[in-house]
1. Can you give the relative contact order of the chain as a percent, counting alpha carbon pairs under 8 Å and 6+ residues apart?
2. Once both axes come from the Cα atoms, what is the angle between helix 2-16 and the longest principal axis of the chain, in degrees from 0 to 90, rounded to 10?
3. Counting only protein heavy atoms and using a 1.4 Å probe, what share of the accessible area of the chain belongs to carbon plus sulfur, as a whole percent?
4. Report, in debye and to the nearest 20, how large the dipole of the chain comes out about its Cα centre when Lys and Arg carry +1 and Asp and Glu carry -1 on their Cβ.
5. Between Thr36 and Ala13, what length in nm is gained on full extension when 0.36 nm per residue of separation is reduced by their alpha carbon distance?
6. Angle between the Cα long axis of helix 39-54 and the longest principal axis of the chain, 0 to 90 degrees, nearest 10?
7. Only one of the listed values, [x] 22, 10, 10; [y] 17, 12, 11; [z] 20, 14, 8, was derived from the coordinates as semi-axes √(5λ) of the Cα gyration tensor in Å; which label is it?
Amino acid sequence: MLRKYAILLGVIAAMAMPMASASAQTVLKWAHVYETSEPFHTETVWAAEEIKKRTQGRYT
């Protein structure tokens, strides 16, 4: 459930950003108040890696 939520957050953030050129890189940032051992943190780290991988590095 958290993984889906994190992916959804990433997709929404990526869609909200204006489209950049193919070679440009856009850095997306989000923050939370959870400890690094909490599932929300670990899933958001996973989502960030997936966003970078699936956009071929256009978004990090």
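The values are calculated or read from the model by the stated rules, or taken from the named source; none is laboratory data. Keep in mind that what you see is a predicted model, and the values were worked out from it rather than measured. We place every Cβ from the backbone using ideal geometry, glycine too, and count neighbours over all the protein chains shown. What goes into the accessible areas is simple: the full protein's heavy atoms, side chains included, and nothing from ligands, DNA or RNA. Shrake-Rupley method; radii C 1.70, N 1.55, O 1.52, S 1.80 Å.
1. 46 percent
2. 30 degrees
3. Whole-percent figure for carbon plus sulfur exposure: 62.
4. About 280 debye.
5. Contour length minus the Cα-Cα distance gives 6.1 nm.
6. Between helix and principal axis, roughly 20 degrees.
7. Label of the calculated value: [x].
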